[in-house]
1. Assigning unit charges at the beta carbon (Lys, Arg +1; Asp, Glu -1) and nothing else, what dipole magnitude in debye, to the nearest 20, does the protein assembly as shown show about its Cα centre?
2. I'd like the orientation of helix A:123-142 relative to chain A: the angle between its Cα long axis and the longest Cα principal axis, in ° from 0 to 90, rounded to 10.
3. Treating the angle as unsigned and between 0 and 90°, give the value, to the nearest 10°, between the Cα long axis of helix B:107-119 and the longest Cα principal axis of chain B.
4. With only alpha-carbon pairs counted, each pair once and no self-pairs, how large is the Kirkwood hydrodynamic radius of segment A:122-178 in angstroms?
5. How many percent of Cα pairs in segment B:2-220 exceed 27 Å?
6. Put +1 on the Cβ of every Lys and Arg and -1 on every Asp and Glu Cβ in the protein assembly as shown; which of A:Ser208, B:Val70, B:Asn45 then has its Cα farthest towards the positive end of the dipole?
7. Mind listing the phi-derived Karplus ³J(HN,Hα) values for segment A:100-110, rounded to whole Hz, using 6.51, -1.76 and 1.60 with θ = phi - 60°, and x for any glycine or proline?
8. Give me the aspartates and glutamates in straight-line cross-link reach of A:Lys170: C-alpha distance below 17 Å, same-chain residues under 8 apart excluded.
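No value in this document is a laboratory result; all are computed from the given coordinates. Predicted model only: the values in this text are computed from it and were never measured. Using ideal geometry, Cβ is built from the backbone for each residue, glycine included, and neighbour counts are taken over all protein chains shown.
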Amino acid sequence: MHRFANPTQFMRIANAIFPWAAGLAVVLFVFGLPIALITSPADYQQGDTVRILYLHVPAAIMAELIYYAMAAGSAAFLIWRHPMANLVAKASAPMGAMFTALCLICGMLWGEPMWGTFWVWDARLTSTLIMFFFYLGYLALGDAFEDPERGDRASAILALVGVVNVPIIKFSVNWWNTLHQPASLSLTKSNMTGDMLLPLFLMLGAYSFFYLAVLIIRVRSELLAAKIRNARMSQIAGHEAAQPAE
Amino acid sequence: MSVFSALLARDLRLALRQSADSLTVVAFFAIATVLFPFGVGPEANILARISGGVLWVTALLAALLSLDRVFTVDYEDGTLDQLVLSGAPLPLVVIAKVLAHWLTTGLALIIVSPLLAITLHLPMEGYAPLLLALFLGTPTVSLIGAVGAALVLGTRRGGVLLALLVLPLYIPVLIFGTAAVESAVTGISSDGPLLVLGGLAVLALTLCPWATSAALRQAVE
């Protein structure tokens, strides 16, 4: 693991992975989207609206997984001062927020035909909304400091505090939801058949590789930005050192 | 332990000398609660229905407003650096400061809450659970709030940011705090939610001081 603390080492491997991740993301989207949105069977109860599931469920899975990835990266950064782990956590946050937003929007669009309303305080929708606020808090704290390094450490601590709270909030929201609403409102999950699982997994794969590819791009540009910053600094320092000699 | 009691005594003395701070928080609690009848109408049955939730939400917001006091002044005048460098166990320092915060705000909120409950027509059965729930829940609010307050030290726009960080973490306390009142009003035992609130308080007391210490360390570095 510490081998990857060296940005050059890390980027060598990341650059090798990148074409595969990007390629697989494109291939899976190209094959998965038509299957999910056109050729997969319509549900006998929900009709064509069931197709939203293939966008919604993978987004929900990604939203959660990315939060855990972010927390793991933050932990590695805080414990071992692992600089690349911090970059991965920082680069993951906007993607996680994006997937959470996608999940919420799809969920609302799905809720309208299914429940007759865009929003219900369903346990899962509610916890996803709270997760979205966690992401927003993380992003806001990260760039609230003059000194970017302080922002890194503060937001890493926040990510860990958040990950401890995720199960507590899920439990509370579930409990609250069963207290206030009849269970009939929640979608009854029928057993999924193979022709529904295929597009689901294709889309989940497409999302994951998309995340991986964009993550690599983001980490790479962070590293380049740091390099430019350092070059500028040393240029300025060089000027100042040179001036008295003139 | 002497550090603990000395710090607690100091913070309490400072809070007493500037008692206007605590009073302002209580006044905010009152005015925010009083806004609700204007918003939803003065019908007694509607107010009674929402009173538990309204009191909890306004209490959380009032506590949130008081959080920047916990560390900001010490951070700005350098006391916090001294505390971190003093060698005293930092989680203990944090607990002393949080306890002082709770005694000067949480307790004040609990004391005025029955008065505000009267204006919202809270049914008689709801008073005891409301007080118990606030008593068990507000320490958690102070503990979680301290983590947020330590994280935003030295930021631009600290206050609004603090709300964004801390309010999502308050949701479990809000859920079970309100549930304790509501279940008592509807005639169910409120033991369950109260026990969960107690559990949350113990969990917060176990974890939050460590997180707050970590946040303070990186703030004074």
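1. Its charge dipole is roughly 760 debye.
2. The helix A:123-142 is inclined about 10 degrees to chain A.
3. The angle comes out near 20 degrees.
4. Result for segment A:122-178, one decimal place: 12.1 Å.
5. Of the Cα pairs, 32 percent sit more than 27 Å apart.
6. Of the options given, the answer is A:Ser208.
7. In residue order, the calculated couplings are 5, 4, 4, 4, 5, 5, 4, x, 5, 5, 6 Hz.
8. Candidates past the 8-residue exclusion: A:Glu64, A:Asp122.
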